[in-house]
Structures are given as structure tokens and as C-alpha cells.
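Here the structure comes first, spelled out in C-alpha cells, and everything after it is commentary.
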Amino acid sequence: MPGLPGYDESINPYPFNLDKAKADMTTALSELSVSSAADLGKLKFGFNSGAGHEPRVAFLAEAWRQAFGLETDQIGTDFSVFLTQRTAGEYDIARDGWGADYPHANNQLAGLFTCGGGNNDDQYCNPAFDDLINKAAVEPDQTKQADLYVQAQKILTDDAGFLPLRFAVTPQLVQPYVKDLISSPLDSQAPGERFWETIKIAQH
């Protein structure tokens, strides 16, 4: 995510280009030895319901149907049920999301996309990607380490191991008399929540 070492804004793997997307779909169907998207049947598109994902899922499903003739069953379930089914690989396509546990590229890539990773809900696996992640984990030079993570990200996006949609941004209002507040990319519910001890309330 932006703000962490190893983030490279030049990696924009899937810029909108409908003609190229259709050509890529034709190639993919050929590699699968099918003549059209209809031959794939309805793909299971899973998401956790009641969390505001319905409009995005519906938009994507309709866009894919119009552009490629790709049909999906949109399956919304309770979050706990969804997590179990997604991990078990019961969906062809599934919503996912990730926040930072700690501000480092390793937390954004290792385990999420490494072969057999504990949070690898996509069942993605590429040993070349894993090799770069493992090398980065023991590289003491921070510049070289960040470059290894960038190389790994390029493999991941070239493989289309996932479809990144957005980096969530949460606007926050802070009263002017709240002083010495330290915000970080790890803030979840409130700005500065990782460093409560620095916050001061000035006279007002």
C-alpha cells in the first residue's frame, strides 16, 4: 500500500483498456480449450454480505457479462461462513481485503500470496515470487530489500494472481486543539491510535 517501503506507483497492472481485455480473454479461453465464456458455465463469485460490497460485486459481474459474456453466481454469505468457504477454495472469484498489521512490505505480500501461505485465499503459487520474498526477508540493505519486493510485485501482477481494485482512504477530522497527534498507515478506527501517549489536548 502507499506509504510503505517497496510501494511502486509505476506498477499499474490493469489500466482500463477494453479492447486489450477482450483480446486477453480470447487468449485465456484458447488456453483453456473453450470457444467462449459461456462454455465456462456460471462462475461462483463470493463475498461477505451486509458490509457494503454488494454494489461493487454487482458492478463487476455486470461489466464482465457485457464485455465478455461471462456469467456469475453472486453469492453473499455471513462473514464467518464466507471466510471458511473462501479459504477452502469454494469460489471461482472472491472478495478479499487486507490492512497493515505492521508497516512493512513483507506483511503485504508474504503469507498472502506465497505458496501455501496462511492467508493465501487465492491459492496462488509461484516459486519465483516466493524466492524473491524469501530473499527480501533476509536482505539487510533497505534499498535492495525494497527492490526485491518490487520485483516480486511485478511477478504477482503479471500472473494476475489477484485483481487489485483500490486502496481504502478514510478521511478524518481532528479538532485544532488536539496536539501532537501522530497518524500512521496502521490507524484503523481513529487517527493517532497507535501513539495515544503523545496526544495532548490544548486549552480551548
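Please sort by residue number the chymotrypsin sites (Phe, Trp or Tyr not before Pro) in the range 12-72 whose DSSP state is loop and whose Cβ has at most 11 other Cβ atoms within 10 Å.
PHE16
Under the Karplus relation 6.51 cos²θ - 1.76 cosθ + 1.60, θ = phi - 60°, what is the ordered set of whole-Hz ³J(HN,Hα) values for the range 178-183, x standing for Gly and Pro?
Taking θ as phi minus 60°, the curve returns 8, 10, 6, 7, 10, 7 Hz for the range 178-183.
Roughly speaking, to the nearest percent, how much of the chain's 1.4 Å accessible area is carbon and sulfur?
Of the solvent-accessible surface of the chain, carbon and sulfur hold 54 percent.
So what are the ³J(HN,Hα) numbers for the range 8-15, from phi and the Karplus equation (6.51, -1.76, 1.60; θ = phi - 60°), rounded to whole Hz, Gly and Pro as x?
Whole-Hz 3J(HN,Hα) from phi for the range 8-15: 10, 5, 6, 7, 10, x, 10, x.
Alpha carbons only, please: Rg and Dmax for the chain, in angstrom.
Both quantities, over Cα of the chain: 20.3, 71 Å.
Sorted by mean Cβ packing within 10 Å, highest first, what order do the peptides 148-161, 92-105 take?
Output ranking for 148-161, 92-105: 148-161, 92-105.
In whole Hz, with x marking every Gly and Pro, tabulate ³J(HN,Hα) for the range 186-197 from phi via Karplus 6.51 cos²θ - 1.76 cosθ + 1.60, θ = phi - 60°.
Calculated HN-Hα couplings, in order: 8, 4, 10, 9, 8, x, x, 5, 7, 9, 4, 5 Hz.
In the range 26-88, what GluC sites (Glu not before Pro) fall in a loop by DSSP, with at most 15 other Cβ atoms inside 10 Å?
GLU71
Rounded to the nearest Å, what's the spacing between the alpha carbon centres of the range 22-95 and the range 119-169? Just the number, please.
24
Taking H as built 1.01 Å from N, whose amide H comes closer than 5 Å to the amide H of THR72, not counting residues under 5 places away?
LEU43
Evaluate the relative contact order of the chain (contact order divided by residue number), counting alpha-carbon pairs under 8 angstrom at least 6 apart; express in whole percent.
Normalised by residue count, the contact order of the chain is 17 percent.
The values are calculated or read from the model by the stated rules, or taken from the named source; none is laboratory data. Everything numeric in this text was worked out from a predicted model, so none of it was measured. So basically every Cβ, Gly included, is an ideal-geometry build from the backbone, and we count neighbours across all protein chains shown. We work out accessible area using only protein heavy atoms, side chains counted, and drop any ligands, DNA or RNA first. Shrake-Rupley method; radii C 1.70, N 1.55, O 1.52, S 1.80 Å.
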